[in-house]
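Take a look at the structure below.
The values are calculated or read from the model by the stated rules, or taken from the named source; none is laboratory data. Owing to the predicted nature of the structure, the values given are computational and were not obtained by experimental measurement. Virtual Cβ from ideal backbone geometry, glycine too; neighbours counted across all protein chains shown. Ligands, DNA and RNA are excluded from the accessible area calculation, which covers all protein heavy atoms including side chains. Shrake-Rupley method; radii C 1.70, N 1.55, O 1.52, S 1.80 Å.
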Amino acid sequence: MPPRQILALVDCNSFYASCEKVFVPSLANRPVVVLSNNDGCVIARSAEAKAAGIPMGKPAFECRELFRRHNAAVFSSNYTLYGDMSARVMKTLARFTPNLEIYSIDEAFLELTGMPYDVMAYSRQIRATVGRWTGIPVSIGLGPTKTLAKVANKLAKKDAALEGVLDFEACADPDAVLERVPVEDVWGIGRRYTAMLERLGVRNARQFRDLPRDLVKKRMTIGGLHTQLELRGIPCLDLETVAPAKKSVAASRSFSRPVLAIEDMREAVATYVTRAAERMRAARLQANGVTVWVQTNTFIEGEPQYANSAYAALPVATAHTAAIIRAAIRVLERIFRKGYRYKKAGIMLSGLERLKNRQLSLLEPEPEAGGRGERLMRVLDAINDRFGRDALKFAACGIEQDWRMKQALRSPHYTTNWRDILEVKAI
């Protein structure tokens, strides 16, 4: 008989705020807040900020008095830093099991089935190692299914007495544990299903688990039934150790000020193509087409509104930034209209395929394998990897870029840019 499945969900605590704290030790006990694009709203809070009552999602300008009163450290979002710290956490976790599913930037499932160790002691070792090697605190929930591991993780994070680790199956009273979990906090149950379940008198995870199966399937389809069965300890959701192939790569940002001129919009589109193409080449992919979209700010009443998008197929699949910029600019010139105050633009590269599986065209010459363009992109990426993003960039991206997203409070790129690396001085 095969051993019973044991899954661990490792979740970074207040991940964005924790990344900011790692490199500034004086923030250890201060409330830390991270703002959205253009420093708009609160999108992440440390435990101290939550305890201080700083609300999630509230506009930053409405929280200034709260920030001041609680001496909160406020940061613009720094996704370059968060992405690199996430990679370090995941690399550390991969040392503890051959079967790992990276679920999001700050969460991963680990399979610990059949481990010749005490899983609780092993999990505490994982937690301590991640903390020591990356500085990021994590909580770990253990269970026979993904959904129960999620439940255990949520409770491990909330209850300080558990010291960050909880094994659902080791709980003396599993029913009581599930009664502590509001039904809206169960993984896979969204707001619409929560409202429906509350009308049936279902308030917590135990009540949902004990509903008749036929009723759940009828009201919530097969997805809801899988969630219910997982709460009963029956695995329905497999560990996905191989990430599904990407179908598209997108890049978009809001501008720091309204953009009126197509010259500025060209720079923005070229910059977004550059970012997306970098990610595509890192994944050894190339695109067959590009979509460009633009839009005004729909929240400003009385202003003329406009939004549009268009797609262009590339002559041959390519990962060459310059070729994609040329195509994207042609698309932009088709959809751009003068007289509007644009708030946001974006691009999406689609029809992705492996670099070695190039789809040839009858009308275009066969690209030279390992040709000049491919070598040029390798050199470009190598230089930017070594000396920092945009150390070398295309002129179409512009120089000043005063339309760029506002990040007045962004922390340095400590781990990805030599110019931002911390200096340690011996006194």
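Roll a 1.4 Å probe over the protein chains and send me the accessible area per residue for the chain in Å².
54 Å²
Label the stretch 284-427 by shape, choosing from rounded, prolate and oblate, from the square roots a ≥ b ≥ c of the eigenvalues of the Cα gyration tensor; if a/c is under 1.5 it is rounded, and otherwise prolate applies when a/b is larger than b/c, oblate when it is not.
Judged from the Cα gyration tensor, the stretch 284-427 comes out oblate (a/c at least 1.5, b/c at or above a/b).
Have a look at 287, 212, 197 and report the one farthest towards the positive end of the charge dipole of the stretch 193-297, computed about the Cα centre with Cβ charges (Lys/Arg +1, Asp/Glu -1).
Farthest towards the positive pole: 212.
Need the full-extension length gain, residue 246 to residue 120, defined as separation in residues times 0.36 nm minus the C-alpha distance. One decimal, nm. Each step should come with its number before you reach the end.
Working: separation 126, 0.36 × 126 = 45.36 nm, distance 3.53 nm.
Result for the pair: 41.8 nm of gain on full extension.
Please determine, in degrees from 0 to 90 and to the nearest 10, the orientation of helix 262-282 with respect to the longest principal axis defined by the Cα atoms of the chain, where the helix direction is its Cα long axis.
Roughly 50 degrees between the two axes.
Going toward the positive end of the dipole of the stretch 105-230, with +1 on Lys and Arg Cβ and -1 on Asp and Glu Cβ, which of 174, 133, 116 do you reach last?
About the Cα centre, the residue reaching furthest to the positive side is 174.
Can you pull out the GluC sites (Glu not before Pro) in the stretch 147-247 whose DSSP state is coil and whose Cβ has at most 15 other Cβ atoms within 10 Å?
Values: sites: 163, 169, 179, 184, 198, 230, 240; in loops: 163, 240.
Of the GluC sites (Glu not before Pro), the ones in loops of the stretch 147-247 whose Cβ has at most 15 other Cβ atoms within 10 Å are 163, 240.
Need one number: nm distance between label points at residue 161 and residue 79, each 7 Å from Cα along Cα→Cβ, rounded to one decimal.
4.1 nm
Please give me, ordered by residue number, the trypsin sites (Lys or Arg not before Pro) of the stretch 167-240 that lie in loop per DSSP and have at most 16 other Cβ atoms within 10 Å.
180, 203, 232
Roughly how far apart, in whole Å, are the Cα centres of the stretch 63-78 and the stretch 117-190?
After rounding, the separation between the Cα centres reads 30 Å.
Residue 352: accessible area at probe 1.4 Å, nearest 10 Å²?
Approximately 30 Å² for this residue.
Explain nothing, just the number: dipole magnitude of the stretch 86-224 about its Cα centre with +1 on each Lys and Arg Cβ and -1 on each Asp and Glu Cβ, in debye rounded to the nearest 20.
Computed charge dipole of the stretch 86-224: roughly 500 debye.
What percentage of the solvent-accessible surface of the chain, computed with a 1.4 Å probe over protein heavy atoms, is contributed by carbon and sulfur atoms?
Within the chain, the accessible surface is 53 percent carbon and sulfur.
Only sites in a loop by DSSP and with at most 14 other Cβ atoms within 10 Å count here; which trypsin sites (Lys or Arg not before Pro) in the stretch 277-309 make the cut?
284
Beyond a 26 Å Cα-Cα separation, which of these cross-linked pairs lie in this structure: 150/343; 58/158; 343/393; 146/218?
150/343
Which lysines have a Cα lying under 20 Å from the Cα of residue 344, excluding residues fewer than 8 positions away in the same chain?
Answer for residue 344, where 20 Å is the Cα cut-off: 406, listed by chain and number.
Let me have the relative contact order for the chain, percent, based on Cα pairs under 8 Å that are six or more residues apart.
Across the chain, relative contact order equals 16 percent.
Report, in debye and to the nearest 20, how large the dipole of the chain comes out about its Cα centre when Lys and Arg carry +1 and Asp and Glu carry -1 on their Cβ.
Once rounded to the nearest 20, the dipole reads 620 debye.
Using a 1.4 angstrom probe and counting only protein chains, how large is the accessible area of residue 115 in Å², to 10?
Ignoring ligands and nucleic acids, residue 115 comes out at about 50 Å².
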